[in-house]
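The values are calculated or read from the model by the stated rules, or taken from the named source; none is laboratory data. Small disclaimer: the values here were computed from a predicted structure and weren't measured. Please note: Cβ atoms are built from the backbone with ideal geometry, for glycine as well, and neighbour counts cover all protein chains shown.
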Amino acid sequence: MPGAAVAAGAPDEEPPRSPPPLPPKTGSLASALPFWFYLAAVVTVLALLLPHLLPSSVSPPLPPLLRLHISEGRLLKLHPEPDLFSFTSRPAAASASAAGHHPVLFLPGLAAGSFSFRRVLTSLSSRGILAAAVDLPGQGLSPTLASPHRTNPFREIKNRGIFHAFEHLVETGEVPFQEPAPEPSPHSQYAAAEAAASVARAVDALGLAPVHLVLHDSALVAGAAFVSANPAAVQSVTLIDATAILPAFPAAVLGMPVLGRMVVGVPTLFKGLLHLCCTRRVASEEAEAHRVAMREEGKREAVFESWKALNQSFDLKEWRSSSEAVRNLPIMVLWSGSWSDRWIDEGKKVAMALPGAKFVYHSGGRWPQEDAYDEISKSIAEFVTSLPPSV
């Protein structure tokens with residue numbers, strides 16, 4: 001039968017063969033060579049370019065404008081620290097007596113510093129008003145704060161000995177264990193309460209109290225804390241484009257490892273950043289002075305940590321109603337009326353949170369001390385001299 005024949009012939013069929021092994025790839029090494037060549041070329045180009053883009057460890061010479069500002073200013077040695085840099089512009093004796101006792105104290109915002117307010121201070125003193133500016137801790141020309149203390153394991157071994165734990169176990173039968181103290185956050189040193197306490201010590205050292213306080217930009221939170229803790233030391237408050245959550249200078253950029261160093265290392269980038277975010281008009285020599293001040297050791301990190309320490313939940317309306325002294329405090333708001341529609345809306349929110357406050361638009365940017373200093377000076381002088389002078 002055909003089926004039987006097929007079945008009978010099945011044992012004579014050859015079993016299927018496995019496919020022959022593939023020959024080894026001889027071109028794998030050659031194909032990898034271009035990748036390593038291009039990688040080496042890219043690394044070489046970066047090694048040649050980065051030293052020119054990133055700032056060197058050598059401190060650059062101070063620009064003449066910044067050197068003059070430092071020579072005419074004063075570093076306040078406060079106890080306890082931190083020390084703060086201050087700049088004071090005093091009027092002539094005759095004009096000062098005519099204007100009465102109306103000392104004005106400026107607290108600059110992030111990255112601005114007293115240097116940016118030097119022309120406002122001079123303009124106020126020409127109007128017979130004593131004007132001063134104090135750089136907040138780690139800001140402007142104030143020294144940067146030391147980083148939090150961290151336990152050194154090698155010093156622990158040196159002090160106690162390498163077999164300290166074993167000897168303690170043999171003697172007592174217990175393993176020595178010490179709960180480590182929680183390390184403070186780096187940006188807690190720049191918190192509003194600590195900054196306000198430093199400002200209070202600076203006001204005492206300068207002998208200005210009671211002052212007309214002017215808060216610029218992000219200095220709002222620290223200044224408000226100072227007013228709440230020292231209501232008798234303040235005659236009035238002026239806010240210059242002040243906000244707790246939207247500082248003009250983009251400090252977050254400084255926290256980026258490469259980009260942050262490039263911004264403070266390349267003059268064109270730094271000036272462009274100021275022009276984009278802070279002021280419409282800034283001279284090259286002034287932008288360079290701001291950049292060199294930012295290149296001080298630890299200053300970039302201090303500005304970044306100060307930005308992180310800002311109290312994002314600060315409520316201006318709640319602060320205004322926090323006490324009788326704050327409720328009765330004369331307040332003026334100076335706000336940019338030409339920066340952007342969004343910023344104008346932000347100013348309207350500030351005005352609504354401060355019932356009874358005087359609201360005035362100015363023509364400058366968010367750093368009006370750079371491009372509208374005389375206009376700012378005139379508005380502040382008119383406001384403070386309209387109030388009864390202090391004794």
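Of the residues making up segment 362-391, those that are assigned to a helix (DSSP H, G or I), within 28 Å of the chain's Cα centre (by Cα) and not β-branched (Val, Ile, Thr) are Pro368, Gln369, Glu370, Asp371, Tyr373, Asp374, Glu375, Ser377, Ser379. Would you confirm whether any residue within segment 349-361 is farther than 13 Å from Thr279 by Cα, touching a helix residue (DSSP H, G or I) at 6+ places or on another chain (Cβ under 6 Å) and assigned to a loop (DSSP other than H, G, I, E, B)? Yes, segment 349-361 contains at least one residue that is farther than 13 Å from Thr279 by Cα, touching a helix residue (DSSP H, G or I) at 6+ places or on another chain (Cβ under 6 Å) and assigned to a loop (DSSP other than H, G, I, E, B).
So in segment 262-278, with the set limited to residues that are β-branched (Val, Ile, Thr) and under 17 Å from the mean Cα position of the chain (by Cα), which one is surrounded by the most Cβ atoms within 10 Å (Cβ to Cβ)? Give the steps one after another, and end with the answer.
First, pick out the residues of segment 262-278 that are β-branched (Val, Ile, Thr): 263-264, 266, 268.
Checking the rest, the ones that are also under 17 Å from the mean Cα position of the chain (by Cα) come to 263-264.
Values: Val263: 19, Val264: 24.
Across segment 262-278, the extreme among qualifying residues is Val264.
Selection of first residues in segment 82-102 that are surrounded by fewer than 19 Cβ atoms within 10 Å (Cβ to Cβ) and basic (Lys, Arg) and of second residues that are modelled with pLDDT of 95 or more and assigned to a helix (DSSP H, G or I), restricted to Cβ pairs under 7 Å at least 6 apart or on distinct chains, gives the following pairs, ordered by first then second residue: Arg90/Ser125. Against the conditions (1) of a type in the set (Lys, Arg); (2) surrounded by fewer than 18 Cβ atoms within 10 Å (Cβ to Cβ); (3) under 17 Å from Ser116 (Cα atoms), Arg291 satisfies every one except (2). Filtering segment 317-329 to residues that are in a loop (DSSP other than H, G, I, E, B) and surrounded by 18 or more Cβ atoms within 10 Å (Cβ to Cβ) leaves only Leu329.
Within this structure, Arg280 passes the test of being farther than 30 Å from Leu329 by Cα, of a type in the set (Lys, Arg) and either in contact with a Pro (Cβ under 7 Å, 6 or more places away or on another chain) or in a loop (DSSP other than H, G, I, E, B) (or both). For Phe314, the criteria (1) buried (at least 18 other Cβ atoms within 10 Å of the Cβ); (2) not in a helix (DSSP H, G or I) hold in every case but one, which is (1).
Tallying residues that are of a type outside the set (A, V, I, L, M, F, W, C) and buried (at least 18 other Cβ atoms within 10 Å of the Cβ) within segment 331-345 yields 1. Checked against the criteria, Ser236 counts as at pLDDT 95 or above, of a type in the set (S, T, N, Q) and part of a strand (DSSP E or B). In segment 230-243, of all residues being buried (at least 21 other Cβ atoms within 10 Å of the Cβ) and of a type in the set (A, V, I, L, M, F, W, C), the one that is farthest from Phe383 (Cα to Cα) corresponds to Ala242. Please go through segment 71-84 and give me each residue that is touching a strand residue (DSSP E or B) at 6+ places or on another chain (Cβ under 8 Å), more than 16 Å from Ala146 (Cβ to Cβ) and not basic (Lys, Arg), ordered by number. Result: Glu72, Gly73, Leu75, Leu76.
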